[in-house]
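I am attaching a structure below and will ask some questions about it afterwards.
The values are calculated or read from the model by the stated rules, or taken from the named source; none is laboratory data. Model, not experiment: these values are computed from the prediction. As a convention, Cβ positions derive from the backbone with ideal geometry for all residues, glycine included, and neighbour counts pool all protein chains shown.
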Amino acid sequence: MLESVRSNTEKEVREETGLTVNAVKIIAVQDRNKHNKPLYAYGVCKIFVLCEVMGGEFAENAETTETRFFSLADLPGELAEEKTTREQIEMCFRAVKDKNWQTWFD
């Protein structure tokens with residue numbers, strides 16, 4: 001079955017965290033090489049999706065050993081910024097608070 005951005009987001013969250021979510025809206029679409037280091041030899045389009053947690057429970061799996069929720073003020077000092085930067089996380093927090101958020105894209 002071909003996946004859409006919405007269905008793939010919901011599937012990946014369920015597979016990696018055990019949580020059932022509803023993908024609500026796209027926060028941003030970014031060119032990975034413009035925002036993350038190191039640069040890749042190939043292009044990657046990153047899509048940030050705002051989701052509502054509907055239920056579920058975490059179960060350790062091959063890709064994820066634990067999950068936790070953090071406030072913006074309590075983010076861990078060490079982030080895997082080659083995947084997601086502090087600035088990208090801050091953008092997502094702003095989008096959650098802004099009911100009129102417009103999708104940001106490169």
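Suppose the filter is closer than 18 Å to Leu19 by Cβ and hydrophobic (A, V, I, L, M, F, W, C); does Phe93 pass it?
When the stated conditions are applied, Phe93 does not pass them.
I'd like to know if the stretch 68-84 contains one or more residues that are surrounded by 14 or more Cβ atoms within 10 Å (Cβ to Cβ) and within 25 Å of Ser4 (Cα to Cα).
Checking the stretch 68-84: at least one residue is surrounded by 14 or more Cβ atoms within 10 Å (Cβ to Cβ) and within 25 Å of Ser4 (Cα to Cα).
Only residues that are modelled with pLDDT of 95 or more and β-branched (Val, Ile, Thr): list them for the stretch 44-67, please.
Val44, Ile47, Val49, Val53
Hey, another quick one. Scan the stretch 43-66 for residues that are loosely packed, with under 13 Cβ neighbours inside 10 Å and either of a type in the set (S, T, N, Q) or outside any loop (DSSP other than H, G, I, E, B) (or both) and report the count.
7
Turning to a different aspect of this structure: Go over the candidates Ala28, Ala59, Ala95 one by one and state the one that is touching a residue at least 24 places away in the same chain (Cβ under 8 Å), in contact with a helix residue (DSSP H, G or I) (Cβ under 7 Å, 6 or more places away or on another chain), of a type in the set (Gly, Ala, Ser) and at negative phi.
Details: Ala59 fails: in contact with a helix residue (DSSP H, G or I) (Cβ under 7 Å, 6 or more places away or on another chain); Ala95 fails: in contact with a helix residue (DSSP H, G or I) (Cβ under 7 Å, 6 or more places away or on another chain).
After applying the criteria, what remains is Ala28.
I would also like to ask the following. Restricted to the stretch 20-42, and to residues that are aliphatic (A, V, I, L, M) and out of contact with any Ser or Thr (no Cβ under 8 Å at 6 or more places or on another chain), which residue is surrounded by the most Cβ atoms within 10 Å (Cβ to Cβ)?
Val24
Could we say that Asn33 is without any contact (Cβ under 8 Å) to a residue 60 or more places away in the chain, in contact with a Gly (Cβ under 9 Å, 6 or more places away or on another chain), farther than 22 Å from Asn8 by Cα and not charged (D, E, K, R) here?
Answer is yes for this residue.
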